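Undergrad: Sharing a structure, written as structure tokens. Questions coming.
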Amino acid sequence: MVFALLLIFSTNKGSAQEKTILKEGDFLFQQISCGPLCDAILAVTSGYQGQKFNHMGMVILQQDSLMIVEAIGKDVHLSSITDFLKRSANPVHTGRLKQEYQRLIPAAVHFSLDQLGTPYDDAFLYQNGKYYCSELIYDAFLSANRGEPVFELQPMTYKVPGSNSFFPVWKDYFDNLKQPVPEGLPGCNPGGISLSDKIDMAGRYQP
């Protein structure tokens, strides 16, 4: 059954607004406020049109309703689109895989649903049996593409830009976890995925 939810997105064409159909497999990128940790993330990441995204989820169809599968809080779970939008500090942006990659969506959705209940990856370590938001998306499409990456992993940084010093909040954070700061280890972030040449960024949601 084909199902889609009609949402209104702003464009840059004067004051006009265009309507976009939100479909299964689309990505929603947002900026959420979580204090100094979020500030540190935003300081070292940049996304589509310079936007500062620190969270993302994927649209999926569940029992004739569109939901968001996301890794946030304690684990991987499903959220309503309304609840997803409520936490945004800035307008949400939507992205859609280019046509040649649309075939991967069913398998990626299946993989993501299999991860429901998987603990949130608060250590930000790739392949540790847990997931943070963009890591879930990365692995979902890696699996769907039979082990060939669709998106990219990049060295992660926790340092103040232009310096060799860690953000104090990150040093305290990883000290509390009793692990070294994972500087330079592979990872991904929503901003980086929003810049992928595999995605067409569609617009900005106006609540």
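Undergrad: Once you put a point 7 Å from the Cα of residue 44 and another 7 Å from the Cα of residue 116, both along the Cβ direction, what distance in nm separates them?
TA: 3.4
Undergrad: In deg cm²/dmol and to the nearest 500, what is the mean residue ellipticity at 222 nm of the chain if only DSSP H runs of at least 4 residues count, each as -39500 (n - 2.57), divided by the residue total?
TA: Computed ellipticity for the chain at 222 nm equals -6500 deg cm²/dmol.
Undergrad: Let me test this: with uniform point scatterers at the alpha carbons of the chain, what is the Debye-based log₁₀ I(q)/I(0) at q = 0.09 1/Å?
TA: Each listed q maps to, in turn, -0.34.
Undergrad: Still on this structure, please answer the following. Just flag the trypsin sites (Lys or Arg not before Pro) in the stretch 86-132 sitting in loop per DSSP whose Cβ has no more than 13 other Cβ atoms within 10 Å.
TA: Values: sites: 86, 87, 96, 98, 103, 130; in loops: 87, 98, 130.
Of the trypsin sites (Lys or Arg not before Pro), the ones in loops of the stretch 86-132 whose Cβ has at most 13 other Cβ atoms within 10 Å are 98.
Undergrad: Select from the stretch 61-169 those GluC sites (Glu not before Pro) which occupy a DSSP coil region and have at most 15 other Cβ atoms within 10 Å, ordered by residue number.
TA: 152
Undergrad: Among 25, 127, 84, whose Cα lies farthest out toward the positive end of the dipole of the stretch 21-205, if unit charges sit on the beta carbon of Lys, Arg (+1) and Asp, Glu (-1)?
TA: 84
Undergrad: Right, something else. Are there any chymotrypsin sites (Phe, Trp or Tyr not before Pro) in the stretch 89-144 that are in a DSSP loop and have at most 13 other Cβ atoms within 10 Å? List them by number. Display every interim value, and only then the final one.
TA: Working: sites: 101, 111, 120, 124, 126, 131, 132, 138, 141; in loops: 124, 126, 132.
Listed in order of number, the matching sites amount to none.
Undergrad: Now, a different point. What is the chain's relative contact order, in percent, from Cα pairs under 8 angstrom and six or more apart in sequence?
TA: Numbers: 404 pairs, mean separation 55.4, N = 207.
Normalised by residue count, the contact order of the chain is 27 percent.
Undergrad: I would also like to ask the following. Apply 1/(1 + (r/R0)^6) to the Cβ-Cβ distance of residue 164 and residue 98, taking R0 = 35 Å, and write down the FRET efficiency to the nearest 0.05.
TA: The pair residue 164/residue 98 has a calculated efficiency of 0.35.
Undergrad: For each cysteine in the chain, check whether another cysteine's C-beta sits under 4.7 Å from its C-beta; list those where none does.
TA: Isolated Cys, the chain: 133, 188.
Any read-out appearing in this document is the output of simple, stated calculations on the displayed coordinates, not a laboratory observation. Remember, it's a predicted structure, so these values are computed and weren't measured experimentally. Note: ideal-geometry Cβ built from the backbone for every residue, glycine included; neighbour counts use all protein chains shown.
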